[in-house]
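This report refers to the structure that appears directly beneath it.
Coordinate-derived values only; no laboratory data. If you're wondering where the values come from, they're calculated on a predicted model, not measured in any experiment. We place every Cβ from the backbone using ideal geometry, glycine too, and count neighbours over all the protein chains shown.
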Amino acid sequence: MNTQPSSLREVNFDGLVGPTHNYAGLAAGNLASMRHEGLVANPKEGALQGLLKMKSLLDAGYAQGVLPPQQRPDIGALRDLGFSGSNSEVLASAARKAPQLLRAVCSASSMWTANAGTVTPSLDAPDGRVHFTPANLQSSFHRFLEPQTTGRVLQAIFRNEQHFTHHPVLPATPAFSDEGAANHTRLCGEHGEPGVHLFVYGRKAFGGEHEPRRYPARQTLEASQAVARQHGLTEAQTVFAQQHPDAIDAGVFHNDVIAVGNGAVLLYHEMAFLDEQGTLDELRAKMVTPLIPVRVPVEAVSLEDAVASYLFNSQLLSNPDGTMTLVVPGECQENEAVWRTVQNYLLAGNNPISEVIVKDVKQSMRNGGGPACLRLRVVLTEAERAALSGRVLLDNALYEDLTAWVNRHYRDRLAPEDLADPQLAKESLAALDELTQLLRTGSVYPFQLG
Ligand code: SUG
């Protein structure tokens, strides 16, 4: 067990937006992705918006990490599906015969690292190590292509076996559908108190009821239970709650689109959980510190406004004086009901939230990814931070290097018809090869491993 709990700090590892970022309408039940299909994307702007978010949180005193994007287009995936010939021939043939597959293998969806996996801090784990399980993301083809490289990236960075341990991806089958930390919230008191882990699922694989009718439920109870078991979490440390099916049908495809927790605070929309009272009661019974629920009722913010603004996809960050800062996407400011709620209810209310920071992550937002989707939270002790491999903790020099790298390699315009351009694939590989040197991760991409 950790003996220096006060050195615990949350590091947010943001995913870099990859060079093939585009709008392909790939995600059923994700209204932004469905609405923006075919739009011309600006990968350079997307990557710079992400880097600016990281930099401003670094400047505000928060610990910030960075995770590399994935190798795209995934030409290997097209070969597995029967396309053959040179890389250019594979791309051209896919563009002609299966444009939807070409779009899928070009997706830069790994930017949403809240779906990279589930993480348990050493303080809560029986062996005193930080535990990782990459999410299988089996509910969509474009995201199912992520877990292998995600696993390699996590193992390259959290390599030290004394401090970190990695579990296998759950079986990639509907019964174990897993979307990672987007459906997992750790609640706790201050300064190294053990946490209670809230796992939110959309359906039960076996004997389920109350399922959504329009859109898929992406997380199963069975997957969440398996991850908790892998990490050695006990019944006393875990709460499993079902997401409200009506919320899923309104476009809430992950719990982090409707709730966010930090410390003892759970900020959530009235429609987040199927059994709201039962969920709060169980959390209260298991937490050492009193839970601070901050409930937003439908009268204040409708489900529709919650989904359109991504108010709940905010980052809730702890400050040294016990207050918290909410990092919201720009879309919240543009929505009258939401902005009123932020000012008059969240900031003015009797809760630790004392500041709101607005960030522009529009390129990601148009695909349904807000500030919270873009980051994987990893709570680390000082010793664990020192044991990280690679150059992945953001400082001013790394920010400058990454910004220059984006400006050197990224396009400022990418339309669906550009995806078959063999030059895009070459540019992307050249950029990623340079990135692994910059981040000192070693070889993590299929093209580097041979
Ligand atoms: O899985 N969008 C992602 C957005 C993920 C947001 N993550 C969290 N809520 N944590 C998804 O739906 C759209 C890609 C496209 O349509 O081009 C996409 O995959």
Report summary line: Residues of segment 127-144 being within 26 Å of N160 (Cα to Cα) and over 15 Å from the mean Cα position of the chain (by Cα), in sequence order, are D127, G128, R129, V130, H131
Report task. May I ask you to say which residue of L376, L432 is part of a helix (DSSP H, G or I) and either under 30 Å from V130 (Cα atoms) or of a type in the set (A, V, I, L, M, F, W, C) (or both)? Result -> L432
Requested in this report: Just name the residue that is farthest from the ligand (Cβ to nearest atom) out of those in segment 103-136 that are of a type in the set (A, V, I, L, M) and within 25 Å of N367 (Cα to Cα).
Outcome: V119
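This table checks each residue for (1) under 26 Å from L303 (Cβ atoms); (2) part of a helix (DSSP H, G or I); (3) within 14 Å of the ligand (Cβ to nearest atom).
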position	(1), (2), (3)
N12	no, no, yes
Y23	yes, no, yes
E45	no, yes, no
Q49	no, yes, no
K55	no, yes, no
Query raised in the report: For segment 393-409, does any single residue satisfy the condition of being closer than 29 Å to R103 by Cα, assigned to a loop (DSSP other than H, G, I, E, B) and either in contact with a helix residue (DSSP H, G or I) (Cβ under 6 Å, 6 or more places away or on another chain) or away from the ligand (no atom under 16 Å from the Cβ) (or both)?
Result: no
Query - Members of segment 321-332 found to be touching a residue at least 40 places away in the same chain (Cβ under 8 Å) and surrounded by fewer than 18 Cβ atoms within 10 Å (Cβ to Cβ), listed by number - result: G322
Report summary line: By my count, strands (runs of 3 or more DSSP E) wholly in segment 239-330 with at least 1 residues that are over 30 Å from N367 (Cβ atoms) are 292-296
Query raised in the report: What's the number of the condition A27 fails, among (1) in contact (Cβ under 8 Å) with a residue 24 or more places away in the chain; (2) surrounded by fewer than 23 Cβ atoms within 10 Å (Cβ to Cβ); (3) within 14 Å of the ligand (Cβ to nearest atom)?
Result: (2)
Query raised in the report: Tell me, which strands (runs of 3 or more DSSP E) wholly within segment 95-167 include 3 or more residues that are of a type in the set (D, E, K, R)?
Result: none
